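The values are calculated or read from the model by the stated rules, or taken from the named source; none is laboratory data. All of these numbers come straight from a predicted model, not from anything done at the bench. Cβ placement follows ideal geometry from the backbone for every residue including glycine, while neighbour counts extend to all protein chains displayed.
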Amino acid sequence: MKVCFVTFLTPARRRLALLALALGGFGIGCTEFVAMGLLPNLAADLLPALYSRSHEQGIAQAGTLITAYALGVVVGAPTIAAASARFPRKRLLLALLAAFTVATIASALLPTFELVAAARFVAGLPHGAYFGIASLVAAQIMGPGNRGKGVAFVLGGLTIANVIGVPSVTWLGQVAGWRWAYIAVAAIFALTFVAVAAFVPFQNGDAAATLRRELTAFRRPQVWLVITMAAIGFGGFFAVYSYIAPVVTHVAGIGVSFVPWALVVVGIGMTLGNALGGWMSDRNLKQTLYVGFAGFIVSLLGFALTASTVAGLLVFACLIGLTSSIIAPAVQTRLMDIAGDSQSIAAALNHSALNAGNALGAFLGGAAIAAGFGYLAPAWAGVGLAVLGILLAAVSFRMSRAPSSLR
């Protein structure tokens with residue numbers, strides 16, 4: 001049987017391995033978020049009759065492509081992670097990257113809205129399992145006492161995607177057509193496959209893992225509570241981010257060419273927040289969640305009140321990205337702390353939770369827009385969701401002080 005070679009890596013090989021894992025996060029960030037800047041383009045091409053009757057209705061309907069991807073993550077993350085916990089981790093990562101590549105190409109080539117939605121669902125299936133397994137590999141590469149940093153490094157690829165990848169691919173989609181945007185993302189996944197094959201060391205799966213053992217995580221009330229906290233809390237971010245393009249053009253009154261720059265600003269906030277959240281989580285997990293959620297609520301309020309101005313739009317979009325990303329590494333570390341032996345599924349469940357929030361936020365935001373409340377209505381919905389998130393965090397930590405039979 002092969003053994004894990006992580007402990008024998010040179011410093012240069014460790015950096016290359018971590019960068020390869022983060023490149024996968026970069027590709028996932030692009031495929032997950034690119035639709036948010038191209039909703040008008042997707043609606044005009046795939047739903048021409050509806051879009052010609054009502055731009056708002058067409059954009060809201062196109063938002064279900066975001067929901068379809070998110071639901072794929074929700075379904076795929078726990079099932080793939082639990083069923084594959086025994087598999088060698090590098091081989092599993094390569095299989096997931098191959099699936100990303102094929103499904104993203106299908107998203108670019110299929111002709112109808114319904115088929116593209118199905119392809120987006122399939123593309124979402126490997127998302128959570130990739131991040132979960134990659135986080136476990138990165139944590140082992142980083143060494144003891146640095147789990148938060150390991151998680152943050154892999155998530156850093158996703159946040160950097162929002163600074164460089166998503167705006168660039170959005171621009172490509174605006175200029176050459178949205179289908180070329182997905183072709184570009186598929187190329188990123190193919191490159192990641194090569195990088196992981198070349199630089200990530202072999203690492204055994206958990207030989208003692210079974211599907212039944214991994215699924216015991218769902219018997220823990222704390223796991224359900226933290227998943228719910230993350231899903232509801234992060235719904236506020238996705239409610240705003242899913243519809244940022246029409247906020248730029250219809251609320252702030254700026255041209256469509258400014259949308260990629262707004263995405264850059266959100267991505268800068270996410271990158272800074274992710275790095276800060278990883279550092280803070282290794283020091284005080286509880287405080288990180290409280291500070292992150294409190295700042296997130298203030299940022300959403302500021303966006304709802306000031307996004308009609310360019311300064312308000314940019315400042316609070318950046319702060320929304322920063323504060324929400326402080327929370328993400330803390331949630332994943334919290335899940336790994338409370339899941340016992342079910343580490344593979346715990347590492348993936350964070351992404352099920354975040355994408356349940358993605359589906360919830362995109363749905364509520366689209367419903368509010370379609371009902372005629374305007375393009376800032378999703379931000380107000382986000383405030384309510386974030387408040388519920390911080391309340392659930394308080395309940396979770398209170399439960400941690402209860403007898404173990406009640407946790």
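The conditions of being modelled with pLDDT of 90 or more, assigned to a helix (DSSP H, G or I) and crowded, with 16+ Cβ neighbours inside 10 Å are met by G27. Scanning the stretch 350-372 for residues that are assigned to a helix (DSSP H, G or I) and either in contact with a Lys or Arg (Cβ under 6 Å, 6 or more places away or on another chain) or farther than 9 Å from V73 by Cβ (or both) yields a count of 14. For T64, are the conditions met, namely being β-branched (V, I, T), touching a residue at least 24 places away in the same chain (Cβ under 8 Å) and on the phi < 0 side of the Ramachandran plot? Yes; evaluated as a whole, the condition is true for this residue. If you go through the stretch 36-53 and keep only what is assigned to a helix (DSSP H, G or I) and in contact (Cβ under 8 Å) with a residue 60 or more places away in the chain, you end up with M36, G37, L39, P40, N41, L42, D45, L46.
Yes or no: the stretch 324-340 includes at least one residue that is within 17 Å of V265 (Cβ to Cβ) and not aliphatic (A, V, I, L, M). Within the stretch 324-340 (the criterion being within 17 Å of V265 (Cβ to Cβ) and not aliphatic (A, V, I, L, M)), the answer is yes, since at least one residue qualifies.
Among residues belonging to the stretch 1-18 that are at pLDDT 85 or above and buried (at least 17 other Cβ atoms within 10 Å of the Cβ), point out the one that is farthest from G63 (Cα to Cα). Top of the filtered list is A17. Does G357 meet the test of being modelled with pLDDT of 75 or more and either out of contact with any helix residue (DSSP H, G or I) (no Cβ under 9 Å at 6 or more places or on another chain) or closer than 17 Å to F303 by Cα (or both)? Criteria not met by G357. Only one of the listed residues (G278, G269, G233) is crowded, with 23+ Cβ neighbours inside 10 Å, touching a helix residue (DSSP H, G or I) at 6+ places or on another chain (Cβ under 8 Å), at pLDDT 85 or above and not charged (D, E, K, R). That residue is G269. Checking each residue in the stretch 237-248 for being part of a helix (DSSP H, G or I) and either more than 13 Å from L376 (Cβ to Cβ) or at pLDDT below 85 (or both) picks out F237, F238, Y241, A245. Among the residues of this structure, G340 counts as one that is surrounded by fewer than 17 Cβ atoms within 10 Å (Cβ to Cβ), modelled with pLDDT under 85, touching a Ser or Thr at 6+ places or on another chain (Cβ under 8 Å) and not hydrophobic (A, V, I, L, M, F, W, C).
I320 meets all of the listed conditions (1) modelled with pLDDT of 90 or more; (2) among the β-branched types (V, I, T); (3) farther than 19 Å from P246 by Cβ but one, namely (3). Scan the stretch 273-308 for residues that are under 20 Å from the mean Cα position of the chain (by Cα) and of a type in the set (S, T, N, Q) and the total you get is 4.
When only residues in the stretch 85-104 that are closer than 19 Å to L349 by Cβ and outside any helix (DSSP H, G or I) count, which is modelled with the lowest pLDDT? Going through the qualifying residues, I end up with A85.
Yes/no per residue for (1) surrounded by 21 or more Cβ atoms within 10 Å (Cβ to Cβ); (2) at pLDDT below 85; (3) charged (D, E, K, R); (4) under 21 Å from the mean Cα position of the chain (by Cα):
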{"site": "L115", "(1), (2), (3), (4)": "no, no, no, no"}
{"site": "A123", "(1), (2), (3), (4)": "yes, no, no, yes"}
{"site": "N146", "(1), (2), (3), (4)": "no, yes, no, no"}
{"site": "V154", "(1), (2), (3), (4)": "yes, yes, no, yes"}
{"site": "T159", "(1), (2), (3), (4)": "yes, yes, no, yes"}
{"site": "V169", "(1), (2), (3), (4)": "yes, no, no, yes"}
{"site": "W178", "(1), (2), (3), (4)": "yes, no, no, yes"}
